[in-house]
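To start, the structure itself, in structure tokens.
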Amino acid sequence: MTARILSGREYAAKIKEAAKREADLLGLRPGLAVVMVGDNPASAVYVRNKNKSCEELGFHSVMETLSANTSKERLLAVIDRLNADASIHGILVQLPLPAELSDAEQEVLNRISPDKDVDGFHPVNVGRLSTGQGSLAPCTPAGCIKMLEYADIPMDGKHAVIIGRSNIVGKPMAQLLLAKNATVTICHSHTKDLAKIVREADILVAAIGKPRFVTADMVKPGATVIDVGINRVEPKKLVGDVDFEAVSEVAGAITPVPGGVGLLTVAMLMQNVVTAAKMQLQGNCNIEKTDKGKMA
Ligand code: NAD
């Protein structure tokens, strides 16, 4: 079997088109502020891509660049100013923060108004997601769900296995799949007999950060494989957490790296900025429910 390739480019374009349409209907210009502390080169690339997507869609975009030795107080003051700025509907602080600020990471994220928290990392949004009231879910897993929907890959009643339990990918992915009525198993670094569990997956999400960790013998024939991992193996070569060549002979559908989930993440950020703008416009930031607000 040769798997269907789920192209990040194709589905990211669909997500962005939908975000743009929704913004046009709102009749306002959604605004995103990205705060970057220090000059981490990888972060600089991500931030440029976010700004470029805003430009492409005609959204207002503000970049706050602070030096690596910025104090926590100064960073919190910038967030306070953006929280109060009515032209800014979404705020994100690019992670990781420089080493001197890494202990303050949660405090910094918690300072962003939950209604402008387009990364979905604020505890209020984490709680909303897990109680079915989540409108601002973390972009990477939310983008994966949109892709599965657009690709007509059923989730209801399927066994979804996620490898990885981070707050950014693994845990919110589990909540989102649960809300789609999948039966969800989360595997992590302490999981026993991981390969056996992974082989049971109809939908497999790999978010580990280990190059080509998932091999063909770990994948059920016909399964959908979503590779979130991004690993640099040579100066100019990126690979995912899945052995793409071998697994695409077994899987039913698979995302490539590069050209897969990474593109969905930025597209979903655009959608979250529009969702945040909509909630702020309607003034009912806490009440928008997902379709599975109550789960039987
Ligand atoms: P993380 O380091 O926070 O979490 C990794 C997870 O993998 C942990 O929960 C850990 O328990 C699990 N793990 C590690 N070794 C394991 C093993 N041997 N067996 C089973 N589980 C194991 O990473 P993260 O932030 O969730 O990111 C994961 C990967 O996804 C990274 O490669 C990262 O670069 C990538 N990523 C991509 C995007 C994107 O937009 N495509 C976004 C976020 C993260």
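Just so it is clear, none of the values below were taken in a lab; they were calculated from the coordinates. On a predicted model such as this, the values are computed, not experimentally measured, just so you know. Every residue, glycine among them, receives a Cβ derived from its backbone with ideal geometry; neighbour counts consider all protein chains shown.
With a 10 Å radius around each residue's Cβ, average the other Cβ atoms per peptide and rank 78-84, 106-112, highest first. Intermediate values should be presented prior to the final figure.
On the way: 78-84: 16.0, 106-112: 17.9.
Top of the packing list down: 106-112, 78-84.
In nm, to one decimal, how far is the modelled label at residue 193 from the one at residue 249, with both set 7 Å along Cα→Cβ?
In this crude label model, residue 193 to residue 249 measures out at 2.7 nm.
By a straight-distance test (C-alpha under 20 Å), which aspartates and glutamates pair with residue 278 as possible cross-link partners, with residues fewer than eight away in the same chain excluded?
Here the aspartates and glutamates satisfying the reach criterion relative to residue 278 are 17, 22, 24, 55, 56, 85, 115, 117, 119, 288, 291.
Ranked highest first by the average count of other Cβ atoms within 10 Å around their residues, in what order do 124-132, 267-275 fall?
Numbers: 124-132: 18.1, 267-275: 27.0.
Going by the mean number of other Cβ atoms within 10 Å, highest first, we get 267-275, 124-132.
Could you tell me the calculated FRET efficiency between residue 45 and residue 86, based on Cβ-Cβ distance and R0 = 22 angstrom, to the nearest 0.05? Show your work: numbers first, answer last.
On the way: r = 30 Å, r/R0 = 1.36.
So, using R0 = 22 Å, E works out to roughly 0.15.
What is the extension gain from residue 156 to residue 216, computed as 0.36 nm multiplied by their sequence separation minus the C-alpha to C-alpha distance, in nm to one decimal?
Values: separation 60, 0.36 × 60 = 21.60 nm, distance 2.48 nm.
Length gained between residue 156 and residue 216: 19.1 nm.
Distance from the Cα centre of segment 201-269 to that of segment 90-164, in angstrom?
20 Å
Choose one of 258, 207, 197: the residue whose Cα lies farthest towards the positive end of the charge dipole of segment 137-263 (beta-carbon charges +1 Lys, Arg; -1 Asp, Glu; about the Cα centre).
Final value for the positive-end residue is 207.
Compute the distance in nm between two label points, each set 7 Å from the Cα along the Cα-to-Cβ direction, one at residue 25 and one at residue 2.
3.9 nm
Kindly provide the helix-only [θ] at 222 nm of the chain, computed as the sum of -39,500 (n - 2.57) over DSSP H runs of four or more divided by all residues, to the nearest 500 deg cm²/dmol?
-12000 deg cm²/dmol
Could you give the dipole magnitude of segment 28-116 about its Cα centre, charging the beta-carbon of Lys and Arg +1 and that of Asp and Glu -1, in debye to the nearest 20?
Numbers: 9 positive and 12 negative charges, 54 e Å.
Roughly 260 debye for segment 28-116.
Over the chain, what per residue volume does the convex hull of the Cα atoms give, in whole Å³?
Details: hull volume 37.8 nm³, N = 296.
In the chain, the Cα convex hull volume per residue is 128 Å³.
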